[in-house]
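The values are calculated or read from the model by the stated rules, or taken from the named source; none is laboratory data. Not measured: the values here are computed from a predicted model. Note: ideal-geometry Cβ built from the backbone for every residue, glycine included; neighbour counts use all protein chains shown. With ligands, DNA and RNA removed, areas are computed over all heavy atoms of the protein, side chains included. Shrake-Rupley method; radii C 1.70, N 1.55, O 1.52, S 1.80 Å.
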Protein chains: 2
Amino acid sequence: MPKEATFSRKEVLQKASAVFHQKGYNGTSMQDLVDSTGLNRSSIYNSFGSKLQLFLEALAFYQSSNNARMNKSLLGHHNASDTIKAVFELYLQDILADKDKKGCLLVNCKSEMANQEANVQSFLENNQERTLAMLEDIVYNGQMERVFNETQSASDYALYLYASLQGLRMTGILHQNEQQLRTLINTILKVIH
Amino acid sequence: MPKEATFSRKEVLQKASAVFHQKGYNGTSMQDLVDSTGLNRSSIYNSFGSKLQLFLEALAFYQSSNNARMNKSLLGHHNASDTIKAVFELYLQDILADKDKKGCLLVNCKSEMANQEANVQSFLENNQERTLAMLEDIVYNGQMERVFNETQSASDYALYLYASLQGLRMTGILHQNEQQLRTLINTILKVIH
DNA sequence: CTATATTTGAAACGTTCATTTCATTCATTA
DNA sequence: TAATGAATGAAATGAACGTTTCAAATATAG
């Protein structure tokens, strides 16, 4: 039997996604990835194929850990109003923790590569669909509970919330005043109540 | 007397900003700029200094032509409600015209470089301040006209509109359904009415 | 212990990067 | 028309790029 890999794939992806997050895809060199992951150049190519494939895996890793965090946070809330607040609270915490103004990796990626790499584009389209579905579900529940506005459809409000989350995340890069951001979130959420 | 420059600086900046918009800063090579501007490599360095300085000038050019377009559009409207609608309409037209999913150069730039280049960051902070001031002015007028909501301050609503514009622009990259985007804009604007 | 299959390290691959150099071309004006 | 000085073209700079190569090291199973 051969020698087995000594590194944890998840740890490598975590470190790789941190570098991509910090510097962007085009701004990250293979040397950056070697340095940050601690892996040998050859090992990266053996295990991940290419810089682009490693990026795609790092993207998926980032997405799934974000999803896990999101689901964990949502579990605690049993009405739609609290649930949607928790979603925005999670984004707010990301913003406040993002002292070096990196923004969201997925949003950055959309800016940088949606028009360049077909694989990245379809990944992002998929991500968008799933996020919209999640939001629509929350809104739908809220409307059933009679706590959310019913003048527009759940899917209309889902798109509104999706755009608002992206706007909040982008705004938060250069505007990290917690109180003003909280006010902003309240303003956003007024529409659906 | 020496020979004078035969190229138009504005035309060069327009072409350069188009390439940067298409490929991003890190994704654009000096060769791309030579090809697209038609200028000689040496002439670019003589006239603009470096790739980064050219980028900063292209950014300023993009911003000022956007502003010019915005001002021209706003001139036609004499009440706050129509004015703010015109602002969003301009963004919508940008989105619908953006078939190759480039997004907004300024937003992309914030994603790619706000955390990397101090000059870019301060440019963007400046841009953000000016945009917020413009929006606050519109909202303030609308509140004076008694057509806008007064439960929150003009600056609160300005931040809300600023975030909404960025969210709309980001969402529009992968979601170009005009009818749904118009519904989204209506939803956004309901808050201030 | 030996054979096996893979990870690893280090060097090298050819290409492309941003930038510089410099002789030549060109439009101006004295 | 001759002197001027910027614009130009083409080549060269060295560094950095993503990727490949391959011998050496390594851990497992027989």
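Structure values in brief
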quantity	calculated
Within-13-Å neighbourhood charge of residue B:125 [Cβ basis; K, R +1; D, E -1]	+1
Between 0 and 90°, nearest 10: helix B:80-97 axis offset from chain B longest Cα axis	40
In Å², nearest 10: area of residue A:34 left accessible to a 1.4 Å probe	30
Nearest-first distances (nm) between copies at residue B:118, label 7 Å from Cα via Cβ	4.4
Solvent exposure, largest accessible area first (probe 1.4 Å, DNA, RNA and ligands not counted), of B:146, A:69	B:146, A:69
By accessible area with a 1.4 Å probe, ligands and nucleic acids excluded, highest first: order of A:175, B:193	B:193, A:175
Listed residues B:134, A:144 arranged by accessible area, highest first, probe 1.4 Å	A:144, B:134
19 Å Cα-Cα reach of residue A:72 towards aspartates and glutamates, excluding residues that sit fewer than 8 places from it in its own chain	A:82, A:89, A:94, A:136, A:137
Inter-part distance where the stretch A:117-131 and the stretch A:9-66 are each reduced to a Cα centre, Å	19
Residues residue A:130 and residue A:79, FRET efficiency given R0 of 30 Å [Cβ-Cβ distance, rounded to 0.05]	0.85
Net charge dipole size for the stretch A:106-163 [Lys, Arg +1 and Asp, Glu -1 on Cβ; Debye, nearest 20]	80
Which of A:147, A:58, A:83, positive extreme of dipole for chain A (C-beta unit charges)	A:58
Simple spin-label estimate for residue A:182 and residue A:50 in nanometres, 7 Å along Cα-Cβ	4.8
Label spacing, shortest first and in nm, from residue A:9 to its equivalents in the remaining copies (7 angstrom along Cα→Cβ)	5.5
Additional length obtainable on full extension of the chain from residue B:137 to residue B:89, 0.36 nm per residue less Cα span	15.5 nm
Only Lys, Arg (+1) and Asp, Glu (-1) charged, at Cβ; the stretch B:1-62 dipole about Cα centre in debye	40
Area accessible to solvent at residue A:35, 1.4 Å probe radius, in Å²	100
Rough spin-label spacing in nm, given labels placed 7 Å along Cα→Cβ, for residue B:65 and residue A:40	5.1
Nm distances between copies for residue A:146, ranked from closest, using label points 7 Å along Cα→Cβ	3.5
Check: the protein assembly as shown dipole with +1 on Lys, Arg Cβ and -1 on Asp, Glu Cβ, in debye	680
Residue with peak Gaussian network fluctuation, chain B [Cα springs, cutoff 10 Å], from B:42, B:155, B:64	B:42
Cα shape, the stretch B:76-193, gyration tensor, a/c 1.5 rule	oblate
Using a Förster distance of 41 Å, the FRET efficiency for residue A:122-residue B:7 (Cβ separation, nearest 0.05)	0.50
Interface area, A with B, accessible, probe 1.4 Å, both sides summed, Å² nearest 100	3600
Probe 1.4 Å - accessible area at residue A:45, Å² to nearest ten	110
